[in-house]
Amino acid sequence: MKRLKTIYLLTLLVAFFVPAMVSATVDVPDVLITGEPDFTVVDSTYGQFETEIMEMTKPVNNLIVAVDMQKAEKAMVRCYARFKYANTGRWGSYLAFDAEYHFSAIDPVSACQLMFIVRDPERGKTTVSHFAIQGNYLEESKMQWFMQKPDPFKSKSVWAKPTVVARSAWGARPAKSAYTPHVPQRLIVHHSYLPAQATYKGASTIRGIQNYHMDDPKTSWADIGYHFLIGPEGVIYQGRPEGVVGAHCSPNTNSVGICVIGNYDENADKLNPKIEESLLNLLSWLASTYKINPEVNLYGHCDFAPKSCPGAIIYKKLPQYKTQILKNIN
Ligand SMILES: [Zn+2]
């Protein structure tokens, strides 16, 4: 009986995790806290709920807080997060957000608390069902550098925008909440790792990545994490609008994330001229439109995280791309 139970559990685990594995990689965070507050407001115009204080397993200076809720039609839900600074032991004040919050500070934080407030003139039913807090620690010198404004850069010309498949054309779900606006200052290239090129199926692959980012309980993000995705045939898809904060490489604020579908680690998928042409056109357009100097502000994900992303094959070519982009826009 016990063995049967184990097998059943294993089957459940496989059924649950395998679909997720075929849909793009996300960072393994230094800290992950998830919870089911199961806070419901029904037949009432107002409700308020505060979680317990949640201690981090290690201090972190970059966090994404994402909340899942089922809202009554006229209900307004405000989420709040506050953080305790590890060095002073002091708490910051509550900061309001819609459903996804990005927190970056040079001082690391060691604890967090969330609060939810529901207002509903029609007394419907609103439930805050789940939250996920992902935290990462980035060394102080990198954080300081990240939080400063880059030197002004102006290209001689603006590179033509390549054709980008709109969200409606690939069947994107609407974002769960309002986005946080930002000014693009850095370009960060990723690969999907999984799916590899062989399992890419056009728009349905992009929908799969979006579902994974929005529905996996470890992320629960408001939308697909990347701003752009490039298929092996060179098609460019719009993820989040590039003028809003994404979820692809912490700290995310002011970074535009571009994901090349495939695994570009050594001895895996091959880069082809169509991918490179699309990537260079997209990067040249972004750099010249948002006044980003590609020489200093074009990166691979591995520059900020201990992982191989965007794969050695792409990463080794970044110096060459920088020269080409500068040539394109100057
Ligand atoms: Zn990456």
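The values are calculated or read from the model by the stated rules, or taken from the named source; none is laboratory data. Keep in mind that this is a model prediction, so the values were computed, not measured. Here Cβ is always computed from backbone atoms with ideal geometry, including for glycine, and neighbour counts include all displayed protein chains.
For region 213-228, the tally of residues that are within 16 Å of V244 (Cα to Cα) and among the aliphatic types (A, V, I, L, M) stands at 2. In the condition set (1) surrounded by fewer than 24 Cβ atoms within 10 Å (Cβ to Cβ); (2) more than 16 Å from the ligand (Cβ to nearest atom), Y299 is compliant with all but (2). Identify, please: which residue in region 158-171 is outside any strand (DSSP E or B) and touching a Phe, Trp or Tyr at 6+ places or on another chain (Cβ under 6 Å) and is, among those, farthest from L286 (Cα to Cα)? This residue is W170.
If you check S177, S129, S155 for being over 28 Å from D27 (Cβ atoms) and either at pLDDT 95 or above or not in a helix (DSSP H, G or I) (or both), only one passes: S155. The single condition from (1) surrounded by fewer than 20 Cβ atoms within 10 Å (Cβ to Cβ); (2) free of Cβ contacts under 8 Å to residues at least 40 places away in the same chain that E233 fails is (2). Does H182 meet the test of being closer than 22 Å to W285 by Cα, more than 16 Å from the ligand (Cβ to nearest atom) and within 16 Å of the chain's Cα centre (by Cα)? Criteria met by H182. Inspect region 307-315 for any residue being surrounded by fewer than 19 Cβ atoms within 10 Å (Cβ to Cβ), over 14 Å from C259 (Cα atoms) and within 16 Å of the ligand (Cβ to nearest atom) and give the result as yes or no. Checked against the condition, which is being surrounded by fewer than 19 Cβ atoms within 10 Å (Cβ to Cβ), over 14 Å from C259 (Cα atoms) and within 16 Å of the ligand (Cβ to nearest atom), region 307-315 yields at least one hit. Scanning region 236-247 for residues that are surrounded by fewer than 24 Cβ atoms within 10 Å (Cβ to Cβ) and either at pLDDT below 95 or in a strand (DSSP E or B) (or both) yields I236, Q238, V244.
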